[in-house]
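**Student:** Once you've had a glance at the structure underneath, I'll fire off some questions.
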Amino acid sequence: MTILGQRFYDVWYVGELSEEGVDRIIEYLLDYSCRAAGRVRLRFYLQNIGDLTYMAYVRRILLQNTSLSIVIEEKSIQDLEKDIELAKDGDGIVLIKNMVGLEVPVNEKIKIIEV
Amino acid sequence: MSSEKIDIILTTDRTMMSNHHGKEFLGFMATGPPIGMPEDLWMWIAAPKMKTDERGRPWQAPYALRKLEALLLDHGYNAAVIDPDYVDRYLLNAKILMLSHHDYFALCPPSSEWWIVTKREPVNARSFKKFMEKPAISEAKKRGLKIIVGGPSAWQWLYKIDLWSRWMVDTVVDGEGERIALDLVERVFNGEPLPRYVFVGPRDVPTIDEIPLIKYASINGLVEIMRGCPRGCRFCSVTLRSLRHIPLEKIEKEIVVNVEQGVKNGILHSEDVLLYGGRGLNLNPDALIKLHQVARKHLKEIAWSHASLAAIKNAEEKYNLISKIMEIVKSNGVQNYLGVEVGLETGSPKLARKIMPAKSLPYSAESWPQVVEDAFTIMHENNIIPAATLILGLPEETSEDLIQTAELIDRLRPYRSLIIPMFFVPMGVLKNKDWFTDVKITEEHIEVMRRCLWHSVYWAEDIINKFYLNKLAAAPLRFLLKTFLKYVKWKSRTVERKLGLTPIQAPATLIIK
């Protein structure tokens, strides 16, 4: 049995990661920790892939957690639009957005939270 | 330069890839900086080079790497554990470099404590940095090598983001690796992107059937007999994982792997060896007797990795089990003692109740200091030599708690043991708490540390002479360590005089059975 092929709750984050953004993510983790799947995929859409400065914020998220499996992914911000289009019904994706001026296509499969 | 290709290299730095002269406890010296001697000599004592074959495959390697190696070989991958000195020759063609470590950056106890006290970086962190700075690694990265790091100290990368970035580590895995390792390797082979970080939660730990058997020898013959722990101490990460008992036939197979490859001694690894085969915290004497009979059948010397003091007391008082096990251990006429690491943690019943309410079970948390003293008596009388750790700087710790700890250490003076204070590192349920190093070291902390020092110095020479290094072949090592002990005593007295501290004079009445 492997892990990455299992069901995950998806939280995507776009824009600069902030303390407030971290708080929003933690709120969702607390919610998901009571649910069946027990796995969360946090995906960060970055301007510069490989720039790890956001991990300093992610540390606080990871340190709050003991019960969920958490996978942290990075993607280029250029991929966001395509990924939104490809999202399937029932994926229940949460997109946390902290970027003024970024137009996110309206999509009923994705719940958008503004920070 | 070898033309042999290995797709997945599993390795670590020298402080981990060493059998410490066959004396596991000497490995603790790798958690400190060199004291009173040159670094090369310190490294030779703490972590001598491992014997390898002509391909650079080490005779013995860390158990976690051996498990991963077995897993990958079982799934048809071309993987091997390679000694750090031989890694360069394989990097040219390798796809993945997998690393594991107990303490990558010396942030865990006791490294962190050495660092704070001496203000010098311990050799384990220095050795790991030296390894990662190899030009061959950065060159291989440019060619597409993927670096995946894991092990019990994987969390430390979250505090070293600059080095994570500098060394271009692709993925950090925190937690048991059997399931996720296969996922990650498959992604690399399929050319898919890797996640940046994976925390393996309790529901994704492997079942007994998913845990492979090692194929090659582990450091000092360590074999796992259990995973997880039911005691639920709030400062510990192991307790977050479910408890699994490895079947005896699997344990025996791994012992045989080690023995057949020339590792005649073995360490039974568990967070609490005496809980083996039991239900929760209830002991299973039959399972423990059988375990030790099997170990005795194959091994020249047996050691335990960890045992709880409450289980030691319970085992002896309820079943006379410590005496029975030690009869088995000594029955080959070669072994006359058994080493183990135990968690003393605190001398304060109040703190014990708060942070480790189940550690004293079946006895009450209020009786914790008595449990400790009784267990030390039992161990002393049975030639079990504990290296006891205690934690300083726990959340909610008060001066009164520390005074009680200091008093308990004084009461333990007659019992052969080492006592090692460790600074609190936020792990387990407490992992989001403030780090102790942000807190001021108080006078009470210093008093506890001084007591630990003098207790350990008092007993170390006895342990070295009569038990640990009493063979003729160990004479050079014995001489070096005794010289080191003399230096520590001299240095400590000098510092104490400078600080105007009075010498500690705890009674040390020997109890000889």
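**Student:** Just to be sure I understand the model, the point goes 7 Å from the Cα along the line to the Cβ. What's the resulting B:LEU163 to B:GLU39 distance in nm?
**Tutor:** The answer from the label model is 1.3 nm.
**Student:** Counting each pair of different Cα atoms once, what's the Kirkwood radius of the stretch A:3-114 in Å, rounded to one decimal?
**Tutor:** 14.3
**Student:** Oh, and also: What fraction of the DSSP beta bridges in the protein assembly as shown is antiparallel, stated in percent and rounded to the nearest 5?
**Tutor:** Values: 7 of 70 bridges.
Taking every DSSP beta bridge with both residues in the protein assembly as shown, the antiparallel ones total about 10 percent.
**Student:** Next up: State the antiparallel share, in %, of DSSP beta bridges confined to chain B, rounding to the nearest 5.
**Tutor:** Details: 4 of 43 bridges.
Within chain B, antiparallel bridges account for around 10 percent of the total.
**Student:** Another question about this same structure. How well do other chains shield peptide B:171-183, expressed as the mean number of their Cβ atoms within 10 Å of each residue Cβ? Working shown, then result.
**Tutor:** On the way: counts 2, 2, 0, 2, 3, 0, 0, 3, 6, 5, 2, 4, 6.
Going residue by residue through B:171-183 and averaging, the value is 3.
**Student:** Also: Going by alpha carbons, how many degrees (0 to 90, nearest 10) lie between the helix axis of B:321-330 and the longest principal axis of chain B?
**Tutor:** That helix lies at roughly 60 degrees to the long axis.
**Student:** What whole-number value in cubic angstrom gives the convex hull volume per residue for the C-alpha atoms of chain B?
**Tutor:** Numbers: hull volume 73.9 nm³, N = 513.
Spelled out: Cα convex hull of chain B, divided by residues, is 144 Å³.
**Student:** Based on the mean of other beta carbon atoms within 10 Å per residue, what is the order of B:69-80, B:280-291, B:471-482, most packed first?
**Tutor:** B:69-80, B:280-291, B:471-482
**Student:** Work out the FRET efficiency for A:LEU102 and B:ILE446 from their Cβ-Cβ distance, taking R0 = 45 Å, and round it to the nearest 0.05. Each step should come with its number before you reach the end.
**Tutor:** On the way: r = 55 Å, r/R0 = 1.21.
It comes to 0.25.
**Student:** Next up: Near B:SER323, within a Cβ-to-Cβ distance under 9 Å, what is the net charge of the other residues, with Lys and Arg +1 and Asp and Glu -1? Display every interim value, and only then the final one.
**Tutor:** On the way: positive: B:LYS324; negative: B:GLU316, B:GLU327, B:GLU381.
My count for the surroundings of B:SER323 gives -2.
**Student:** Rounded, prolate or oblate: pick one for the protein assembly as shown, where a ≥ b ≥ c are the square roots of the eigenvalues of its C-alpha gyration tensor, a/c under 1.5 means rounded, and failing that, prolate if a/b is larger than b/c, else oblate. Before the final figure, lay out each step's value.
**Tutor:** Values: a/c = 1.67, a/b = 1.47, b/c = 1.13.
Note, shape of the protein assembly as shown comes out prolate.
**Student:** Can you compute the equivalent ellipsoid semi-axes for the stretch B:183-326, i.e. the square root of 5 times each eigenvalue of the Cα gyration tensor, sorted largest first and rounded to whole Å? Before the final figure, lay out the partial values.
**Tutor:** Working: eigenvalues 183, 90, 26 Å².
Over the Cα atoms of the stretch B:183-326, the semi-axes work out to 30, 21, 11 Å.
**Student:** Here's another thing I want to ask about it. For peptide A:59-72, how many partner chain Cβ atoms fall within 10 Å of a residue's Cβ, on average?
**Tutor:** Working: counts 7, 2, 1, 7, 7, 2, 4, 12, 4, 5, 11, 8, 9, 7.
That works out to 6 on average.
**Student:** Let me ask you something else. Just the Cα atoms of the stretch B:87-242: what Rg and Dmax do they give in Å?
**Tutor:** Cα only, the stretch B:87-242: 16.8, 48 Å (Rg, Dmax).
**Student:** Which whole-percent values make up P(r) of the stretch B:366-416 when all C-alpha to C-alpha distances are grouped in 10 Å steps starting at zero?
**Tutor:** Pair shares across the bins are 22, 52, 22, 3.
**Student:** Would you please give the FRET efficiency between B:LEU480 and B:VAL117, computed as 1/(1 + (r/R0)^6) with r the Cβ-Cβ distance and R0 = 22 Å, to the nearest 0.05? Don't skip to the answer; put the middle values down first.
**Tutor:** On the way: r = 21 Å, r/R0 = 0.97.
Efficiency at R0 = 22 Å is approximately 0.55.
**Student:** Extension gain B:LYS466-B:VAL334, at 0.36 nm per residue separation less the Cα-Cα distance, in nm? Mind showing how you got there, number by number?
**Tutor:** Values: separation 132, 0.36 × 132 = 47.52 nm, distance 1.35 nm.
Going from the current span to full extension adds 46.2 nm.
**Student:** As I understand it, the dipole of the stretch A:3-114 uses +1 on the Cβ of Lys and Arg and -1 on the Cβ of Asp and Glu, about the Cα centre. Which of A:LEU29, A:VAL58, A:LEU4 lies farthest toward its positive end?
**Tutor:** Most positive-ward Cα: A:LEU4.
**Student:** Answer with one residue from B:GLN335, B:GLN60, B:LEU481: the one whose Cα lies farthest towards the positive end of the charge dipole of chain B, charges on Cβ with Lys, Arg +1 and Asp, Glu -1.
**Tutor:** In chain B, that residue is B:LEU481.
**Student:** At a Förster radius of 41 Å, what calculated FRET efficiency corresponds to the Cβ-Cβ distance of B:LYS489 and B:THR52, to the nearest 0.05? Spell out each step's value before the answer.
**Tutor:** Working: r = 38 Å, r/R0 = 0.92.
The value I calculate is 0.60.
**Student:** About the Cα centre, and with charges only on the beta carbon of Lys, Arg (+1) and Asp, Glu (-1), how big is the dipole of chain B? Nearest 20 debye, please.
**Tutor:** Details: 68 positive and 61 negative charges, 189 e Å.
The calculation lands at about 900 debye.
**Student:** Tell me the mean residue ellipticity at 222 nm calculated for the protein assembly as shown from its helices only (DSSP H runs of n ≥ 4, each -39500 (n - 2.57), averaged over every residue, nearest 500).
**Tutor:** Values: 20 runs with 227 residues, N = 628.
About -11000 deg cm²/dmol.
**Student:** Quick check on the stretch B:1-114: take the gyration tensor over C-alpha atoms, sort the square-rooted eigenvalues as a ≥ b ≥ c, and tell me if it's rounded (a/c under 1.5), prolate or oblate.
**Tutor:** On the way: a/c = 2.24, a/b = 1.83, b/c = 1.23.
Verdict is prolate for the stretch B:1-114.
**Student:** Between A:GLU85 and A:ALA36, what length comes free when the chain is fully extended (0.36 nm per residue of separation minus the Cα-Cα distance, one decimal in nm)?
**Tutor:** 15.0 nm
Throughout, read-outs are computed from the coordinates displayed, never taken from laboratory work. Predicted model only: the values in this text are computed from it and were never measured. Glycine gets a Cβ as well: all are built from the backbone with ideal geometry, and neighbour counts include every protein chain shown.
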